[in-house]
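Novice: This is the structure I want to talk about, given as structure tokens.
The values are calculated or read from the model by the stated rules, or taken from the named source; none is laboratory data. Owing to the predicted nature of the structure, the values given are computational and were not obtained by experimental measurement. With ideal geometry, Cβ positions are generated from the backbone for all residues, glycine too; neighbour counts draw on all protein chains shown.
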């Protein structure tokens with residue numbers, strides 16, 4: 001199998017068509033051979049071969065097709081030993097940046113983005129309809145409104161009330177907050193303790209509104225100096241660890257300003273996206289370009305993040321160490337459950353001939369993991385695959401050993 005960073009310089013569109021045709025012919029030949037050997041040319045038999053031989057081969061051929069068509073130069077996916085060596089070196093050189101996503105806060109019962117919008121929408125609808133509670137409860141389940149539409153509605157709704165949107169978000173954000181320290185935050189805290197000393201983190205970038213990391217650092221009682229930066233004009237001192245809240249900051253306790261620094265609706269997102277010189281874009285672009293970043297708790301679907309990584313990669317070149325993304329593999333059980341759900345909703349003939357669900361699930365998992373790996377590699381990011389989120393803590397702890 002060809003490595004991710006190897007390019008097919010000799011491959012032309014014509015060759016790709018020939019390869020695809022060869023794959024199809026080979027697949028047909030295998031199916032027909034199996035049918036002939038079975039001595040049964042009934043429609044049911046053919047359907048069965050399609051559901052087994054064809055579907056079992058499609059994932060491996062899809063992976064090959066992905067590798068044939070990807071021409072971008074990408075970093076080699078090293079093994080965990082090599083990855084940890086690179087991350088340790090970056091940490092020792094004070095060049096490592098932690099980039100935190102929503103997954104970091106889930107252990108603390110902080111809602112995901114979509115869940116946050118659903119709860120806010122329920123609160124807003126309670127104020128606008130006579131059947132308040134029932135409508136608020138059922139609306140999301142029945143209609144499941146688009147997240148962007150819901151966010152814009154919420155911005156417009158709360159702008160016309162006496163309750164600031166930021167205050168409503170804060171209430172929902174910490175409504176079920178559980179301050180039991182997670183193993184992941186405990187390991188991140190250990191990385192942050194050396195701020196202003198050597199070795200230590202360069203900085204932390206977070207896309208979360210919450211201040212769970214800051215609370216963790218304050219409760220450590222070892223005098224960790226840090227500076228929250230959530231808008232233009234704020235700067236960290238030399239002995240302070242910068243924590244950049246690039247989508248805004250809403251602390252559990254204490255006051256916060258009611259301004260336009262919070263990124264929630266598509267209007268605020270577009271404003272940030274369009275302004276290349278927006279302070280948050282400049283911070284991210286510079287860190288992605290000059291430092292080595294470790295992404296934790298990210299889905300890697302944010303358009304602005306992808307745009308900035310793309311721009312940074314062009315400026316960065318291919319000679320520096322890659323960035324890294326810790327990503328949990330998809331659950332085989334979930335894939336099998338989804339296949340069974342699809343079969344329940346499909347024709348009976350398809351369902352009764354689909355008798356190799358476990359193998360199909362494995363093939364689908366191989367395909368999606370390779371797909372996501374190639375996607376990350378194209379931005380100069382290597383994937384650190386884990387099977388359980390509990391593995392994140394030990395990986396981070398290893399960096400300080």
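Novice: Looking only at segment 363-380, which residues are in a helix (DSSP H, G or I) and under 13 Å from residue 325 (Cβ atoms)? Steps first, answer last, please.
Specialist: Of the residues in segment 363-380, the ones in a helix (DSSP H, G or I) are 363-377.
Across segment 363-380, the qualifying residues are 369, 372, 373, 374, 375, 376, 377.
Novice: So, in segment 253-286, of the ones that are touching a helix residue (DSSP H, G or I) at 6+ places or on another chain (Cβ under 7 Å), at pLDDT 85 or above and closer than 23 Å to residue 165 by Cα, which residue ends up surrounded by the fewest Cβ atoms within 10 Å (Cβ to Cβ)?
Specialist: Looking at the filtered set, the residue picked out is 278.
Novice: Inspect segment 175-187 for any residue being at pLDDT below 90 and loosely packed, with under 13 Cβ neighbours inside 10 Å and give the result as yes or no.
Specialist: Initial filter on segment 175-187 (at pLDDT below 90): none.
Within segment 175-187, not a single residue is at pLDDT below 90 and loosely packed, with under 13 Cβ neighbours inside 10 Å.
Novice: Sticking with this one: When you scan segment 232-245, do you find a residue that is within 26 Å of residue 395 (Cβ to Cβ), surrounded by fewer than 13 Cβ atoms within 10 Å (Cβ to Cβ) and either at pLDDT below 95 or more than 22 Å from the chain's Cα centre (by Cα) (or both), even just one?
Specialist: Looking for residues that are within 26 Å of residue 395 (Cβ to Cβ), surrounded by fewer than 13 Cβ atoms within 10 Å (Cβ to Cβ) and either at pLDDT below 95 or more than 22 Å from the chain's Cα centre (by Cα) (or both), one finds none in segment 232-245, hence no.
Novice: Then there is this: For residue 156, only one of the following conditions fails: (1) in a helix (DSSP H, G or I); (2) closer than 16 Å to residue 117 by Cα; (3) in contact with a helix residue (DSSP H, G or I) (Cβ under 9 Å, 6 or more places away or on another chain). What is its number?
Specialist: Among (1) in a helix (DSSP H, G or I); (2) closer than 16 Å to residue 117 by Cα; (3) in contact with a helix residue (DSSP H, G or I) (Cβ under 9 Å, 6 or more places away or on another chain), the lone unmet condition for residue 156 is (3).
Okay, residues lined up against (1) in contact with a strand residue (DSSP E or B) (Cβ under 7 Å, 6 or more places away or on another chain); (2) more than 23 Å from residue 106 (Cα to Cα):
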| position | (1), (2) |
| --- | --- |
| 290 | no, yes |
| 315 | no, yes |
| 322 | yes, yes |
| 330 | no, no |
| 340 | no, yes |
| 343 | no, yes |
| 374 | no, yes |
| 382 | yes, yes |
| 392 | yes, no |
